[in-house]
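Read through the structure below, which is laid out as C-alpha cells, and then see the notes.
The values are calculated or read from the model by the stated rules, or taken from the named source; none is laboratory data. Because the structure is predicted, anything quoted here is derived from the model rather than measured. Positions of Cβ are backbone-derived with ideal geometry, glycine not excepted, and every protein chain shown enters the neighbour counts.
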Amino acid sequence: MRSYQPDYTDFGISRDRYRELLSFCRQYQEWKAEAGSLLGVKAQTYSHQPHGSGVGDPVFRVAARREHLLAKIQMVEQVADQVDEGRWRAALIQNICMGRALRFIDPAILPTSKRNTFYAQRRAFFVLLNQRMNEIRYSGGDTSEV
C-alpha cells in the first residue's frame, strides 16, 4: 500500500472519513452484481411442513433489497455526474469504485491527460459524496440505508 494518503482536511473530510467514503464506493461492483442477481423470478417450494420463524413476504424482501442496492448505485453515479458536468464519470467510477489506477484507465474516456486535473475532479467527487452522505445522515436517514 502506498504511504501517501490524500489530504482532504481543507474540505472537512478526515482521513478516517475519506477511507469510509472510499470503502463505500469500492462496494459498487458488488451492488451491481447483487442487484442483477435479484432481478428475475424466484420460485418458492412448499413442502407443507412448518418452517422458519415469522411471517414475511419473500418477494417483497427481495424487491426491497434490490431497491436499496439500486439507490446506492444511483447515489454514486449521480455524484460522479455532478463532477464537471459528468465528463469524468467513467474515469471516476473506474478509479474510485473499481480501484483502477489512472495510468490503466483508457485515455479515450479521459477529457484531458493532465494528472492534476484528474485528481482535482477526484477530490471534488469525495467532497460531493461527503455532502450527500451528511445530508442523508442529518435529515434523519441512516447512511446504511442508502
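On the stretch given as segment 86-112, residues that are within 13 Å of Arg122 (Cα to Cα), within 14 Å of the chain's Cα centre (by Cα) and assigned to a loop (DSSP other than H, G, I, E, B) total 1. In this structure, is Asp57 exposed (fewer than 10 other Cβ atoms within 10 Å of the Cβ) and either within 30 Å of Thr9 (Cβ to Cβ) or modelled with pLDDT under 90 (or both)? Considered against the rule, which asks whether it is exposed (fewer than 10 other Cβ atoms within 10 Å of the Cβ) and either within 30 Å of Thr9 (Cβ to Cβ) or modelled with pLDDT under 90 (or both), Asp57 comes out as yes. For Ala63, all conditions in the list (1) at pLDDT below 85; (2) among the small types (Gly, Ala, Ser); (3) surrounded by 13 or more Cβ atoms within 10 Å (Cβ to Cβ) hold save one; what is the number of the exception? With respect to (1) at pLDDT below 85; (2) among the small types (Gly, Ala, Ser); (3) surrounded by 13 or more Cβ atoms within 10 Å (Cβ to Cβ), Ala63 is out only on (1).
Screening Phe24 against (1) at pLDDT 90 or above; (2) of a type in the set (Phe, Trp, Tyr); (3) exposed (fewer than 10 other Cβ atoms within 10 Å of the Cβ) leaves a single unmet condition, (3). Of the residues examined, Gln74 is not one that is of a type outside the set (D, E, K, R), surrounded by fewer than 18 Cβ atoms within 10 Å (Cβ to Cβ) and either part of a loop (DSSP other than H, G, I, E, B) or in contact (Cβ under 8 Å) with a residue 24 or more places away in the chain (or both). Do we find a residue being modelled with pLDDT of 90 or more and surrounded by 14 or more Cβ atoms within 10 Å (Cβ to Cβ) anywhere in segment 3-11? The answer is no; no qualifying residue exists. Might you let me know whether segment 96-107 holds any residue that is crowded, with 17+ Cβ neighbours inside 10 Å and closer than 17 Å to Leu21 by Cβ? Yes: segment 96-107 contains one or more residues that are crowded, with 17+ Cβ neighbours inside 10 Å and closer than 17 Å to Leu21 by Cβ. Residue under question is Ser144, and the condition is that it be outside any helix (DSSP H, G or I) and modelled with pLDDT under 95; does it hold? Spelling it out, it is not the case that Ser144 is outside any helix (DSSP H, G or I) and modelled with pLDDT under 95. With the structure loaded, tell me whether Phe104 is under 24 Å from Glu30 (Cβ atoms), touching a Pro at 6+ places or on another chain (Cβ under 9 Å) and among the aromatic types (Phe, Trp, Tyr) or whether it fails that test. Judged against the criteria, Phe104 is not a match.
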